[in-house]
Amino acid sequence: MRDSPAFARQFTSVSHRDESAELGMWVFIATEVLLFGGLLLAYFVYRHAYPQGFATGSRHTEIVIGTANTAILLTSSFLVAWAVEIFSAETRRLTAGLLAGAICLGLAFIVLKGIEYHGEYEEHLVPGIDFRFTGSLANGVQLFFIFYFIATAIHALHMIIGIGLLAVLALLCRNAPSTRHRAGLHSAALYWHFVDIVWIFLFALIYLPGRSIT
Amino acid sequence: MTERNYLTADYTLRSWFFTTDHKRIAILYFASLTMFFFIGGAAATAMRIELATPQADLVSDDIYNRLFTMHGIIMVWFFLIPSIPNTLGNFIVPLMIGARDLAFPRLNLLSWYVFMLGGSVTLFAILAGGIDTGWTFYTPFSTLYSNSYVMVAAAGVFIAGFSSILTGLNFIVTIHRLRAPGLTWYRLPLFIWSLYATSVILVLATPVLAITLVLIAVERFFGVGFFDPRIGGDPLLFQHLFWFYSHPAVYIMILPGMGVINELISCFSRKQVFGYKFVAWASLAIAALGFLVWGHHMFVTGQSLLASLVFSFMSFVVAVPSAIKVFNWTATLHKGSLRFDAPMLYALAFIGLFTIGGLTGLFLACLAFDVHATDTYFVVAHFHYIMVGGMVTAYFGGLHYWWPKITGRLYSEYWARAAAILIFLGFNLTFFPQFVLGAEGMPRRYHVYPPEFQVWNVLSSGGATILAAAYLLPLFYLGYSVFFGARAPANPWDAPGLEWQTSSPPPEHNFDVQPVVTRAPYQYSRKFEAQPQNA
Ligand code: HEM
Ligand SMILES: [Cu+2]
């Protein structure tokens, strides 16, 4: 594969440049952890205050879609990891194909999420727009759904950004791969896996409470 | 005939607005921050005029609320937080570590654009009618009751946060990866250590503010949210999240200043900084401990006594590394060959003012005292001693110190000293009376007060006049020096740091030959001559 000869003046070698880029991505992920951390703190505070409301709210979510989405996202992460592993000049078509697969799965995730949102809207479970839930648990349920919508919307936004990144890289890797794109692919993959991990947390916090008791 | 340097390399507007040179980006930031400093200052001036008399004569209640909010938001997010990191730091960090630029120059430029976007949105909120929540955006007022432009202002601050994160990220990677050969961690100037600690806070604290502002915006937009007491939400959760960011953020607003002071004290005492490793690790200790004290802003909110006790204790602990620094600077002065150039005057002012600010912080960290002093002028005086007396003074000190490097010109030492002394006097006259006012019980954020407080308020407003004039002075003599000042040599202060071993102003690529570091920083010979780090 073409060794991209150009590295900016502040670096001393190609690997110097690439390792710096990767460190940059790790630092960025640290930022993201704290972003979701603030949100999760709010979740735990209210789940602690309204355990029953949260359990009830959780039972109103679509666990089938949630589980399917978890599987979809994990598979897409697998494809991305595979693409990183095999990326070279000879395998550029396969690399691009794997990334395209990951992108399709990402889009499928978003579509399913949309269907899920629609369902919640039909059931009048959208705080601030159409929320009708009465009874003593109403407050807890509403707080649960506020968390649900904010967290999943921010997560979906991250997915859309990730899909964009993967799409650009798929095109680049297919048309003119160079060592530079290996570093880019590596960083984008880190980001994608991070978004994946966030989802695993969200899945456990959103869909599972209140389901173990029969 | 001028030789080619980063300023003369290209004169087009394009070469400024699309530059990726860290030195030019520093200048872009410098120009923008100067503008924001004077906008924030104008609001402060209006408040001090209003407060000269006990009655409301200049502005209405509503306008007064908007004035102090605008003052706080502009000064905190659009001046102090970026002040030293984005101007002096941007310019000096690569030079100090012998690098040709920051690790991500385009990200650096992007951070300036993002910053300007955030600034414009905030200015729009102010012009459109202002915000009346205070810089702290407390709920449920900010979410349910305020009829002002809360969402727009919050959006502005949110956007500016990304610029902070990008800068912090860039500095962290740069300091890890781009140090010159031979420049080990313990050979780094302490300015770099302090900016590293600052960057860690920028990267880890800012996202928490971001998500908190998102929660506010959602609640305002949809009419329900996490902080809404009508559905069982807890408005105090907002305060926890806000101070989880904002207490670390106060260290964003002082650590870089402390970093500058190390450089100044050492250079003008012609001595190595006393206890280098302690000072270096104190910066990181402050960054870490600073995350564990936010509850000291909430002693009177009804949080549990146990929580208050722990937060009080931790606030005392966090003062230890700050005190270590003060002691070490003082010890550095001891038996030095002191020179009282303008930067040194600022540095000495910093030590005194920061000490007062820090000690009164300890008063406030005492539960029994804080119950009386919270939300009074005592708090206002406390943080202004640190943020203005400390950080702004350090900013001016650093600006004077590196001015010859940045512009290639020397300024008038006479005027520079005069301004430094005036700032010191004006500052104390403005803010010391506020300690008294606070101790006597005058609450903050009101513009009407009982007549017995007038004496101290008049003193404070009088001091503010001196302070305002003193802050304007550098605009003239520094501005003059850019065009008419004598040309600066490469190393006018005879300092050992790498940034002084290249020409003034530096060439586009910083160093014609890659420097190789062979020494610890701050080395001087017996005759007080600097021993360059790369000799
Ligand atoms: C020596 C360590 C410090 C301690 C122990 C300390 C302690 C405190 C305490 C207890 C309060 C709350 C007072 C109240 O609202 O009743 C406070 C307020 C404040 N401090 Fe400090 N402080 C320290 C350093 C700093 C630094 C370095 C800065 C800024 C650079 C700073 C800026 C502020 C600000 C802005 C507020 C008021 C926030 C507001 O309510 O608007 N403090 N400090
Ligand atoms: Cu604090």
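The values are calculated or read from the model by the stated rules, or taken from the named source; none is laboratory data. All values reported here derive from a predicted model rather than from experimental measurement. Counting neighbours? That spans all protein chains shown, and the Cβs are built from the backbone with ideal geometry, glycine included. What goes into the accessible areas is simple: the full protein's heavy atoms, side chains included, and nothing from ligands, DNA or RNA. Shrake-Rupley method; radii C 1.70, N 1.55, O 1.52, S 1.80 Å.
Specify which of the listed residues (B:Asp10, B:Asp57) is part of a loop (DSSP other than H, G, I, E, B), touching a Phe, Trp or Tyr at 6+ places or on another chain (Cβ under 9 Å) and surrounded by fewer than 21 Cβ atoms within 10 Å (Cβ to Cβ).
Just one listed residue meets the conditions, B:Asp10.
Every residue in region B:139-155 that is within 27 Å of B:Tyr29 (Cβ to Cβ) and without any contact (Cβ under 8 Å) to a residue 60 or more places away in the chain, please.
Those that are within 27 Å of B:Tyr29 (Cβ to Cβ) and without any contact (Cβ under 8 Å) to a residue 60 or more places away in the chain: B:Tyr149, B:Val152.
Listed residues B:Val173, B:Val203, B:Val208; which is farther than 30 Å from B:Val517 by Cα, among the β-branched types (Val, Ile, Thr) and assigned to a helix (DSSP H, G or I)?
Only one candidate qualifies: B:Val208.
Take the residues of region B:304-326 that are touching a residue at least 40 places away in the same chain (Cβ under 8 Å) and either surrounded by fewer than 17 Cβ atoms within 10 Å (Cβ to Cβ) or within 14 Å of another protein chain (Cβ to nearest Cβ) (or both): which is farthest from ligand 2 (Cβ to nearest atom)?
That would be B:Leu309.
Kindly provide the set of residues from region A:85-96 that are touching a residue at least 24 places away in the same chain (Cβ under 8 Å) and open to solvent by 40 Å² or more (accessible area, probe 1.4 Å), ordered by number.
A:Arg92, A:Arg93, listed by residue number.
For the condition within 12 Å of chain B (Cβ to nearest Cβ) and open to solvent by 20 Å² or more (accessible area, probe 1.4 Å), what is the one hit in A:Trp82, A:Trp26? Lay out the reasoning, then the answer.
Values: A:Trp82 fails: within 12 Å of chain B (Cβ to nearest Cβ).
Among A:Trp82, A:Trp26, only A:Trp26 is within 12 Å of chain B (Cβ to nearest Cβ) and open to solvent by 20 Å² or more (accessible area, probe 1.4 Å).
Go through region B:281-303 and report how many residues are more than 12 Å from ligand 1 (Cβ to nearest atom), open to solvent by 10 Å² or more (accessible area, probe 1.4 Å), more than 14 Å from chain A (Cβ to nearest Cβ) and not aliphatic (A, V, I, L, M).
2
Which pairs do you get when a residue that is charged (D, E, K, R), found in region B:367-380, comes within reach of a residue that is crowded, with 19+ Cβ neighbours inside 10 Å and assigned to a helix (DSSP H, G or I), reach meaning Cβ atoms under 7 angstrom, with the pair 6+ apart or on two chains?
B:Asp370/B:Leu364
Which of the numbered conditions does B:Leu367 fail, given that it passes all the others? Conditions: (1) within 15 Å of ligand 2 (Cβ to nearest atom); (2) among the aliphatic types (A, V, I, L, M); (3) open to solvent by less than 10 Å² (accessible area, probe 1.4 Å).
(3)
Which condition does B:Val273 not pass, out of (1) among the aliphatic types (A, V, I, L, M); (2) away from chain A (no Cβ under 14 Å); (3) assigned to a helix (DSSP H, G or I), if it passes all the others?
For B:Val273, the failing item is (3).
Could we say that B:Gly89 is open to solvent by 10 Å² or more (accessible area, probe 1.4 Å) and not hydrophobic (A, V, I, L, M, F, W, C) here? Outline the logic, then answer.
On the way: open to solvent by 10 Å² or more (accessible area, probe 1.4 Å): no; not hydrophobic (A, V, I, L, M, F, W, C): yes.
The answer is no for B:Gly89.
Would you be able to tell me the number of residues in region A:151-178 that are small (Gly, Ala, Ser), under 30 Å from B:Thr212 (Cβ atoms) and touching a residue at least 40 places away in the same chain (Cβ under 8 Å)?
3
Any residue at all in region B:125-140 that is within 16 Å of ligand 1 (Cβ to nearest atom) and of a type in the set (Gly, Ala, Ser)?
Checking region B:125-140: at least one residue is within 16 Å of ligand 1 (Cβ to nearest atom) and of a type in the set (Gly, Ala, Ser).
So A:Leu107 clears everything in (1) at pLDDT 95 or above; (2) open to solvent by less than 60 Å² (accessible area, probe 1.4 Å); (3) within 17 Å of A:Asp196 (Cα to Cα) except one condition, right? Which one?
The one condition A:Leu107 does not meet is (2).
Criterion first (among the aliphatic types (A, V, I, L, M), more than 19 Å from the chain's Cα centre (by Cα) and within 16 Å of ligand 1 (Cβ to nearest atom)) does B:Ile324 satisfy it? Steps first, please.
Working: among the aliphatic types (A, V, I, L, M): yes; more than 19 Å from the chain's Cα centre (by Cα): yes; within 16 Å of ligand 1 (Cβ to nearest atom): yes.
For B:Ile324, the condition - among the aliphatic types (A, V, I, L, M), more than 19 Å from the chain's Cα centre (by Cα) and within 16 Å of ligand 1 (Cβ to nearest atom) - is met.
Taking the condition of being open to solvent by 50 Å² or more (accessible area, probe 1.4 Å) and at the interface with chain B (Cβ under 9 Å from one of its Cβ atoms), how many residues in region A:6-22 meet it?
Within region A:6-22, the subset open to solvent by 50 Å² or more (accessible area, probe 1.4 Å) is A:6-7, A:9, A:12, A:15, A:19, A:22.
Remaining after also requiring at the interface with chain B (Cβ under 9 Å from one of its Cβ atoms): A:9, A:12, A:19.
Number of matching residues: 3.
Could you tell me whether region B:226-241 includes any residue that is closer than 27 Å to B:Val310 by Cβ, open to solvent by less than 10 Å² (accessible area, probe 1.4 Å), within 13 Å of ligand 1 (Cβ to nearest atom) and under 23 Å from the mean Cα position of the chain (by Cα)?
No; the residues of region B:226-241 include none that is closer than 27 Å to B:Val310 by Cβ, open to solvent by less than 10 Å² (accessible area, probe 1.4 Å), within 13 Å of ligand 1 (Cβ to nearest atom) and under 23 Å from the mean Cα position of the chain (by Cα).
Quick check on region B:86-102. Is at least one of its residues more than 14 Å from chain A (Cβ to nearest Cβ), over 27 Å from B:Thr206 (Cα atoms) and not in a helix (DSSP H, G or I)?
No, every residue in region B:86-102 fails to be more than 14 Å from chain A (Cβ to nearest Cβ), over 27 Å from B:Thr206 (Cα atoms) and not in a helix (DSSP H, G or I).
Just give me the residues in region B:396-439 being within 16 Å of ligand 1 (Cβ to nearest atom) and open to solvent by 10 Å² or more (accessible area, probe 1.4 Å), in sequence order.
B:Phe396, B:Phe431, B:Phe435, B:Ala439
Return the pairs, sorted by first residue and then second, in which the second residue is charged (D, E, K, R) and more than 8 Å from ligand 1 (Cβ to nearest atom), the first residue lies in region B:281-301 and is more than 13 Å from B:Ala365 (Cβ to Cβ) and at pLDDT 95 or above, the beta carbons are less than 8 Å apart, and the residues are 6+ apart or on different chains.
Close Cβ pairs (under 8 Å, with a partner that is charged (D, E, K, R) and more than 8 Å from ligand 1 (Cβ to nearest atom)) amount to B:Ala282/B:Lys325.
Restricting attention to region B:332-355, and to residues there that are open to solvent by 30 Å² or more (accessible area, probe 1.4 Å) and either over 18 Å from the mean Cα position of the chain (by Cα) or within 14 Å of chain A (Cβ to nearest Cβ) (or both), which single residue is farthest from ligand 1 (Cβ to nearest atom)?
Within region B:332-355, the match that is farthest from ligand 1 (Cβ to nearest atom) is B:Ser337.
Please go through (1) within 16 Å of ligand 2 (Cβ to nearest atom); (2) touching a residue at least 60 places away in the same chain (Cβ under 8 Å) for B:Gly408 and return the number of the only condition it doesn't satisfy.
Only one criterion is unmet by B:Gly408, namely (1).
Which condition breaks for B:Val379 when tested against (1) open to solvent by 10 Å² or more (accessible area, probe 1.4 Å); (2) away from ligand 2 (no atom under 16 Å from the Cβ); (3) under 22 Å from the mean Cα position of the chain (by Cα)?
All conditions are met except number (2).
Give A:Tyr191, A:Tyr207, A:Tyr117 a once-over and let me know the one that is open to solvent by less than 20 Å² (accessible area, probe 1.4 Å), within 22 Å of the chain's Cα centre (by Cα) and under 18 Å from A:Gly66 (Cα atoms).
Just a single option satisfies the conditions, and that option is A:Tyr207.
Out of all the residues in region A:120-144, which are surrounded by fewer than 23 Cβ atoms within 10 Å (Cβ to Cβ) and either aromatic (Phe, Trp, Tyr) or more than 12 Å from every other protein chain (Cβ to nearest Cβ) (or both)?
A:Glu120, A:Tyr121, A:Glu122, A:Glu123, A:His124, A:Phe131, A:Arg132, A:Phe133, A:Thr134, A:Gly135
Among the aliphatic types (A, V, I, L, M), open to solvent by 80 Å² or more (accessible area, probe 1.4 Å) and farther than 27 Å from A:Arg211 by Cα: is that true of A:Leu99 in this structure?
No; evaluated as a whole, the condition is false for this residue.
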